[in-house]
Amino acid sequence: MKAIITYNPVSQKRGDDYYDKLLTDEVLLDICQKVTKQSEYSVVRSNSGGYNKGRLLTIDYSGHLYYVTLSETANVGRNSNVQSVPTAINQFYADPNELKTMCYYFLPHTGNLMSDYYMLYYRMLKTIGVVFLNSSVQIKPYSDIIELIGDRQKNSKSNKSNNSSYITMSGNRTIVYGKVYGANKYESTLFGIVAATVTKGPVDFYNVCEKDLKSLPKASLTTFSCFKNIKVHDTSLYFDKKQYVDNRDDTKLRSHSYIYNLYERIGEKKCALCDCNIPEIIQGAHIWGVAEIASSTKLSREQKFDLVNSSHNGMWLCQNHHKLFDCHILMLGEDGKVLVKANLDDKRRSYIKHITPVNTVVESVLSPKLLECLHQRNRLVDLETGISLSEL
């Protein structure tokens with residue numbers, strides 16, 4: 001049986017015959033052989049829909065439909081090689097045909113298409129079932145969400161410009177913060193799909209909005225609806241503030257953008273007072289308490305919202321240290337030194353000393369604005385009742 005290869009030759013930015021030039025007889029034959037294990041095919045050029053969305057061609061063979069998304073021919077940016085893939089994936093999920101497979105094909109190319117960032121992306125594609133037709137290296141799927149989070153954190157450390165989306169855990173829930181504007185919306189789409197695939201537990205996807213952009217594209221949201229365990233939330237410093245200030249909705253004082261803001265300023269979840277980096281038990285600890293800010297008569301509602309959700313009014317703490325900090329058993333001097341309540345018995349002091357290897361919070365966390373919040377906190381704390389952790 002002959003395979004039917006269909007593609008739109010039109011590129012939005014590169015001309016009406018761009019894909020005709022890319023998809024030579026040699027390339028088409030290679031794709032056909034790798035997909036169908038035989039060499040007979042016919043080509044249908046279709047420009048319905050205006051232009052080729054997703055660098056995509058389809059192969060209809062024996063009633064089975066194969067979606068094949070194509071690499072770039074050169075590495076011209078951090079994510080240029082995979083930026084169009086989520087668009088192709090959305091089309092794949094929108095197709096009601098049950099006999100279908102998603103594939104990825106590397107065109108002849110120059111440059112490194114196997115960078116650490118690309119490998120993270122390829123592994124995510126493998127996780128959701130994408131078949132790599134001609135990869136030069138073995139690509140393994142992610143076995144669990146923690147492995148994915150770890151790789152994402154490593155990648156973010158090596159490339160600070162790569163911090164558009166974040167994946168973390170909170171209790172038994174997977175949390176994805178995904179930007180919805182520009183090229184970031186495509187990356188965010190994939191992170192949501194992979195998170196919903198690799199974990200059986202609940203996934204909360206927060207649209208990190210900007211200006212008047214409130215959500216991912218409709219096609220991405222439709223894809224998310226294919227997964228029963230993912231729930232999409234809108235979050236935006238602007239929109240949440242408007243609900244709190246204009247509608248006087250006191251339930252909106254705490255915004256989910258607070259955690260996202262901490263990621264943007266500090267980076268990955270790691271307790272500021274110990275070595276714990278288990279995301280499920282790392283929390284965003286407010287410096288100037290929410291209750292104190294909310295009850296202030298000197299602050300406007302807008303100022304209250306800004307302070308409660310500011311990245312400079314918080315740091316990462318594990319559950320133990322967060323509770324000790326909130327109870328003022330552990331205190332923080334404005335020089336960053338950790339203080340312990342002096343009237344504790346020796347057994348408790350010894351335990352706190354054991355679990356708190358950090359005597360002074362690192363300078364990168366202690367921004368000038370954070371120290372302003374700390375000054376407000378310490379007005380209500382008697383630092384004289386504490387002794388330096390280093391003196392224990």
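The values are calculated or read from the model by the stated rules, or taken from the named source; none is laboratory data. Values in this document were obtained by computation on a predicted structure and should not be read as measured data. Note: ideal-geometry Cβ built from the backbone for every residue, glycine included; neighbour counts use all protein chains shown. For the accessible areas, the whole protein counts, side chains as well, though only heavy atoms, and no ligand, DNA or RNA atoms are used. Shrake-Rupley method; radii C 1.70, N 1.55, O 1.52, S 1.80 Å.
General observations
- Residue count for region 50-74, restricted to those that are within 19 Å of residue 124 (Cα to Cα) and among the polar types (S, T, N, Q): 2
- Every residue from region 52-100 that is within 16 Å of residue 5 (Cβ to Cβ) and either β-branched (Val, Ile, Thr) or without any contact (Cβ under 8 Å) to a residue 24 or more places away in the chain (or both): 58, 59, 68, 69
- In this structure, residue 185 does not satisfy being open to solvent by 30 Å² or more (accessible area, probe 1.4 Å), in a strand (DSSP E or B) and at pLDDT 75 or above.
- Taken over region 103-116, residues that are buried (at least 21 other Cβ atoms within 10 Å of the Cβ) and not in a loop (DSSP other than H, G, I, E, B) amount to 2.
- The residues of region 98-139 that are at positive phi and either aliphatic (A, V, I, L, M) or at pLDDT 95 or above (or both) amount to a single one, 129.
- Flag if residue 347 is open to solvent by 30 Å² or more (accessible area, probe 1.4 Å), farther than 21 Å from residue 277 by Cα and in contact with a strand residue (DSSP E or B) (Cβ under 8 Å, 6 or more places away or on another chain): no
- Residue that is most open to solvent (accessible area, probe 1.4 Å), among those in region 376-392 that are in a loop (DSSP other than H, G, I, E, B) and more than 28 Å from residue 267 (Cβ to Cβ): 379
- Residue check for residue 142: in contact with a helix residue (DSSP H, G or I) (Cβ under 6 Å, 6 or more places away or on another chain) and either in a helix (DSSP H, G or I) or at pLDDT below 90 (or both): no
- Matching residues in region 351-378 - criterion: being at pLDDT below 95 and small (Gly, Ala, Ser): 364
- Set 302, 292, 280: member being within 24 Å of residue 168 (Cα to Cα) and in contact (Cβ under 8 Å) with a residue 60 or more places away in the chain: 280
- Among the residues of region 355-375, the one identified as farther than 18 Å from residue 284 by Cα, assigned to a helix (DSSP H, G or I) and either aromatic (Phe, Trp, Tyr) or open to solvent by less than 80 Å² (accessible area, probe 1.4 Å) (or both) is 355.
- Of all residues in region 280-325, those being open to solvent by less than 50 Å² (accessible area, probe 1.4 Å) and either among the hydroxyl-bearing types (Ser, Thr, Tyr) or in a loop (DSSP other than H, G, I, E, B) (or both) number 8.
- Within region 26-51, the set of residues being touching a Leu at 6+ places or on another chain (Cβ under 9 Å), over 13 Å from residue 62 (Cα atoms) and touching a residue at least 24 places away in the same chain (Cβ under 8 Å) comprises 27, 30, 31, 34, 43.
- Only one of the numbered conditions (1) loosely packed, with under 14 Cβ neighbours inside 10 Å; (2) in contact (Cβ under 8 Å) with a residue 40 or more places away in the chain is not met by residue 337, and that is (1).
- Selection count, region 205-261, where residues are outside any helix (DSSP H, G or I), at pLDDT 75 or above and aliphatic (A, V, I, L, M): 5
- Note on region 36-95: enclosed strands (runs of 3 or more DSSP E) holding 2 or more residues that are in contact with a Ser or Thr (Cβ under 9 Å, 6 or more places away or on another chain) and loosely packed, with under 15 Cβ neighbours inside 10 Å are 41-45.
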